[in-house]
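Derivation of every value follows stated rules applied to the coordinates shown; laboratory data play no part. This structure is a prediction, so every number in the text was calculated from the model and none was measured. Cβ placement follows ideal geometry from the backbone for every residue including glycine, while neighbour counts extend to all protein chains displayed.
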Amino acid sequence: MPIKSLIRTIPHYPKPGIQFRDITTLLKDPLGLRMVIDALSQHYSDKKIDKIAGIEARGFIIGAALAYKLGVGFVPVRKSGKLPAETIGHDYALEYGADRVEIHIDAITKDEQVLLVDDLIATGGTAEASVALIQKLGGIVVGCAFVIDLPDLGGSRRLTESGINIFSLCEFEGD
């Protein structure tokens with residue numbers, strides 16, 4: 001059973017014209033969740049990784065499970081104001097406005113090899129900001145892993161053009 005077949009599409013959410021790719025149907029399926037974590041862990045099993053950084057919120061689910069499977073630590077990348085200790089942040093542009101992501105300043109140390117994980121790559125703004133945070137702390141981004149790539153929105157291309165290795169389990173094109 002392909003992973004893509006377990007992902008639900010919700011038309012016109014959160015606004016008209018958007019096709020929302022909902023992974024909750026994938027996550028609730030025991031075989032589907034296992035397939036995601038096994039595929040990602042197999043892809044990265046021969047890479048030196050010290051930590052997984054997961055982007056809020058669905059990146060926490062995939063990232064924490066993958067960190068467990070690979071036997072490495074997990075670092076949450078959160079929206080502004082959500083982490084309790086001292087943080088470092090990075091602002092980034094949205095389609096209409098701006099946002100900010102943060103991590104604890106002691107989450108990553110110099111030269112640690114970090115894999116960034118999220119459920120989906122669309123325009124790439126959040127992932128680019130998260131990569132910048134890891135690099136500000138001296139971490140080395142070994143790659144970015146996603147369950148879904150929406151290549152028409154250009155995020156994976158932007159990250160690749162900036163020298164970041166991208167891996168995704170499936171793509172949804174054109175809608």
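What the table shows:
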| item | result |
| --- | --- |
| Overall Cα dimensions of the stretch 37-103 - principal axes, largest extent first, Å | 38, 29, 19 |
| Partner aspartates and glutamates for Lys48 [C-alpha distance under 18 Å; skip if fewer than 8 residues away on the same chain] | Asp38, Asp111, Glu112 |
| Positive-end residue, the chain charge dipole about Cα centroid, Cβ charges, pick of Gly163, Ala64, Cys144 | Ala64 |
| Trypsin sites (Lys or Arg not before Pro) within the stretch 89-150: DSSP coil, no more than 10 neighbouring Cβ in 10 Å | Lys110 |
| Computed [θ] at 222 nm, deg cm²/dmol, the chain (DSSP H ≥ 4; -39,500 (n - 2.57); rounded to nearest 500) | -8500 deg cm²/dmol |
| Volume of the Cα convex hull of the stretch 1-47, divided per residue and given in Å³ | 83 |
| Charge context of Leu26, other residues only, Cβ under 11 angstrom, K/R +1, D/E -1 | +3 |
| Rounded to 5, percent antiparallel among DSSP beta bridges of the chain | 40 |
| Net charge over other residues, Cβ less than 11 angstrom from the Cβ of Ile88 (K, R count +1; D, E count -1) | -1 |
| Dipole magnitude of the chain, debye to nearest 20 (Cβ charges: Lys/Arg +1, Asp/Glu -1, about Cα centre) | 320 |
| Size descriptor, Kirkwood hydrodynamic radius, that averages inverse alpha-carbon separations across the chain, Å | 16.3 |
| The stretch 72-153 - charge dipole about Cα centre, Lys and Arg +1 at Cβ, Asp and Glu -1, debye rounded to 20 | 260 |
| For Ile166, distant residues with modelled amide H under 5 Å away | Cys144 |
| GluC sites (Glu not before Pro) restricted to the stretch 61-140 and DSSP loop, no more than 13 other C-beta within 10 Å | Glu86, Glu95 |
| The stretch 34-171: relative contact order in percent, alpha carbon pairs under 8 Å with at least 6 residues between | 22 |
| Sorted by Cβ neighbour density within 10 Å, fewest at the top, the residues Tyr44, Tyr96, Tyr68 | Tyr96, Tyr68, Tyr44 |
